[in-house]
Amino acid sequence: MEEAKKALIVDNEQRLRHLMCIYLEREGFKVEEETSGWKALEKALTDTYNIIMVDITLPDMNGIEICKALRKEKSTPLVMLTKNGEEHTRIQAFEAGADDYITKPFSPREVILRIKAILRRTEKDKETNIDFLANNLIVFPDLFINLDAHRVTANEQTVTLTPKEYKLLVFLAEYPDTVHSREELLEKVWEYESFDDPRTVDTHIKRLREKLYTTSKRAGEMIVTDWGVGYKLTSGNLY
């Protein structure tokens with residue numbers, strides 16, 4: 001028997017939690033609820049969830065802090081909920097590592113569709129089997145991608161990436177020295193959905209570049225912006 005999918009909803013609004021529980025349970029999820037940010041983070045770090053929904057405003061620990069702390073250890077898909085739809089708040093959420101951002105009030109059916117889209121992408125990331133180089137390795141002078149192990153190494157150190165950051169890096173690495181527009185990246189990496197914002201690409205590129213740069217300056221500098229056109233990964237001397 002297939003194990004039920006698990007969801008964690010972190011929000012102070014009881015009505016919202018109850019409503020989302022109904023819709024998620026209809027989709028076969030086992031749902032847990034939490035109002036404390038600290039307790040939610042503890043659960044997220046010690047247990048395994050298929051999706052986490054967290055309000056950006058909580059009394060003890062806000063959603064941005066939860067997302068940042070979680071991303072240091074896990075890549076569990078996370079949807080940020082907020083009453084604030086301003087651009088700078090959305091950017092904050094994506095930069096923290098959120099997979100999606102939903103402004104209240106929202107349609108539960110739309111949220112379910114967004115969650116399904118995220119989970120489809122996550123599953124495809126896990127199932128990806130790219131035959132690019134011998135032994136499923138992509139090797140650059142300053143960057144090493146092991147596709148079988150789903151692991152990225154720079155300067156002999158593992159780089160922890162979210163599933164979307166990893167998929168974005170693999171796509172760029174498959175076509176080194178080729179500039180890709182935001183629209184193309186949304187189509188190929190995000191498998192374009194109507195609710196995807198082109199600026200999502202910018203925030204993921206920024207976060208990916210920063211993570212690589214923290215581990216290896218030269219690896220971080222491999223991701224280049226072609227202003228007005230898009231992004232590329234420069235190969236240097238490919239092994």
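Some notes on this structure:
- Whole-Hz couplings from phi, Karplus 6.51/-1.76/1.60, listed for the stretch 103-112; x for Gly and Pro: 8, 7, x, 9, 8, x, 5, 5, 4, 4
- Across q = 0.10, 0.23 Å⁻¹, the stretch 134-233 modelled as identical point scatterers on its alpha-carbon atoms has Debye log10 I(q)/I(0) values of -0.25, -1.29, in the order of the q list.
- Using a cutoff of 8 angstrom between alpha carbon atoms and counting only pairs six or more residues apart, the relative contact order for the stretch 134-233 works out to 28 percent.
- When the Cα convex hull of the stretch 5-127 is projected onto planes of every orientation, the mean area is 6.9 nm².
- Amide H contacts under 5 Å for S235, placed H, 5+ residues apart: D177
- Members of K5/K104; K6/K43; K43/K116 lying beyond 18 Å, as alpha-carbon distances in this model show: K5/K104; K43/K116
- Build a GNM of the chain with springs between Cα atoms under 10 Å apart, and of D60, D11, D202 the one that fluctuates most is D60.
- Seen from L168, the other residues with C-beta closer than 10 Å to its C-beta sum to a net charge of +3, counting Lys and Arg as +1 and Asp and Glu as -1.
- Between H18 and K217, the modelled label-to-label distance comes to 5.8 nm, taking each label 7 Å out from Cα in the direction of the beta carbon.
- Each helix, a run of at least 4 DSSP H residues, gives -39500 (n - 2.57); summed and divided by the residues of the chain, these come to -13000 deg cm²/dmol at 222 nm.
Readers should treat all values here as calculations from the given coordinates under stated rules, not as data from a laboratory. Keep in mind the model is a prediction, meaning the values are calculated, not measured. Cβ coordinates were reconstructed from backbone atoms using ideal geometry, including for glycine residues, and neighbour counts include every protein chain displayed.
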